Amino acid sequence: MTTTRLPETPDPGAVTVVGLGPMGRTLAGALLRAGHDVTVWNRTLGKAAELVTAGARLADSPAAALTAAPTTIACLVDDDAVTAVVHQAAQQADLRGRTLVNLTADSPARTRVLARDLATLGVDLVDGAIMTPAAAIGTDATRILYAGPRPAYEARRDLLAAFGGEAFHVGEDVAAAASHDVALLTLFWSAIAGLAQALALTRAEDLDVTALTPHAVAMSRLVTDLLPGLVADVAAGRWSGAESASLDSLAASLDHLRTAHAGAGVSTELLDALAAAVGRAIAAGHGGDAPIRLVETLADGAHRR
Ligand SMILES: NC(=O)c1ccc[n+]([C@@H]2O[C@H](COP(=O)([O-])OP(=O)(O)OC[C@H]3O[C@@H](n4cnc5c(N)ncnc54)[C@H](OP(=O)(O)O)[C@@H]3O)[C@@H](O)[C@H]2O)c1
């Protein structure tokens, strides 16, 4: 095995980006604009052309890429691809002392597996979750969550500042950012699913869907206003439905909603799933508790870490 060792005095501002999909290209471009010495690598040649014109160096192998700088930012389709690229590099180079900032989205469990695997190669993992689209990178709208060893993150804050916006270190547990990512995307897609259900009914009733917009916005604000208190209730284990709607009243409301949707010929499959979880909580004797008690019902059987 031919090995490439870490340079004695690596340039702290140098950085490598592996993965030049829409997000990786945008991240590399932001690093170049911030004045960093950027090396890039992508499995398929050709995607680096614009970045090279803008001043990036093109590595001809994963090993050349991961040894070109003390920090490599990975932005690939999933952690299997990250593992494949790092192991390809490790066959030709000594990666000890390097840090991988992995901005690839994957599950918390797979992030932990990746961290353990990288540790066997002497590579530290800072894992990140990008909460905004590629177009936001480099602007104030960027929002990125990071997790893993805090010193490794702190040492790279100036580098990561090139992405703009807000950055948060959400925990030493390397899977914390991936976990937040999954949780927040669940919240996001559930809200979009709720909007789709609402608009399906509005359209089936032959009403102008745009007329619903101001009222839907007001309803979303109500959720936003209630959210911190509900999370505080969960944190404190306060389930009393005495001061809010109870699960019993939610069940009655869901019956009414499902009847209305079915009557208009709109599928109730999303509402049925919610009604099933509410029914399970009530059957277990929690009908008088607040709807946020569903946290307990949904997590029945979860193995807490
Ligand atoms: N795009 C966004 O707005 C956005 C927003 C938030 C988070 N993210 C996250 O950012 C990550 C990257 O997203 P993306 O939109 O840039 O593109 P993507 O389609 O998710 O990933 C494409 C990249 O993965 C590489 N790749 C796939 N399989 C590989 C393998 N087996 N070995 C090596 N490389 C492999 C591709 O290489 P080839 O070019 O050779 O195919 C390409 O560089 C994802 O985890 C995504 O969830 C993206």
For the chain, find the longest principal axis of its Cα atoms and tell me its angle to the long axis of helix 247-263, 0 to 90°, nearest 10. 90
Over the chain: helical MRE at 222 nm, DSSP H runs n ≥ 4 each giving -39500 (n - 2.57), nearest 500: -15000 deg cm²/dmol
Protection proxy ranking, peptides 222-233, 290-301, average beta carbon neighbours within 10 Å, highest first: 290-301, 222-233
Principal axis dimensions, the range 179-298 - Cα atoms, whole angstrom, descending: 44, 30, 28
Express the C-alpha Rg of the range 14-173 as a ratio against the empirical globular expectation 2.2 N^0.38 Å, rounded to two decimals. 0.93
Per residue convex hull volume, Cα atoms of the chain, in Å³: 168
Under the Karplus relation 6.51 cos²θ - 1.76 cosθ + 1.60, θ = phi - 60°, what is the ordered set of whole-Hz ³J(HN,Hα) values for the range 76-88, x standing for Gly and Pro? 10, 5, 7, 6, 4, 5, 4, 4, 4, 5, 5, 5, 4
Under a crude label model (7 Å from the Cα following the beta-carbon direction), how far is SER244 from VAL209 in nanometres? 3.0
Using only the alpha carbons of the range 92-221, what is the convex hull's orientation-averaged projected area in square nanometres? 10.6
How many angstrom separate the Cα center of the range 146-213 from the Cα center of the range 72-136? 21
Take the range 123-166, drop everything but the C-alpha atoms, weight them equally and run the Debye formula without solvent; then report log10 I(q)/I(0) at 0.16, 0.17, 0.29, 0.34 Å⁻¹ to two decimals. -0.41, -0.46, -1.05, -1.21
Of HIS286, HIS215, how do they rank once you tally other Cβ atoms within 10 Å and put the fewest first? HIS215, HIS286
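Only the coordinates and a few stated rules stand behind these numbers; no lab work does. No experiment lies behind these values; they were computed from the predicted model shown. In this analysis, Cβ positions are derived from the backbone assuming ideal geometry, glycine residues included, and neighbour counts consider all displayed protein chains.
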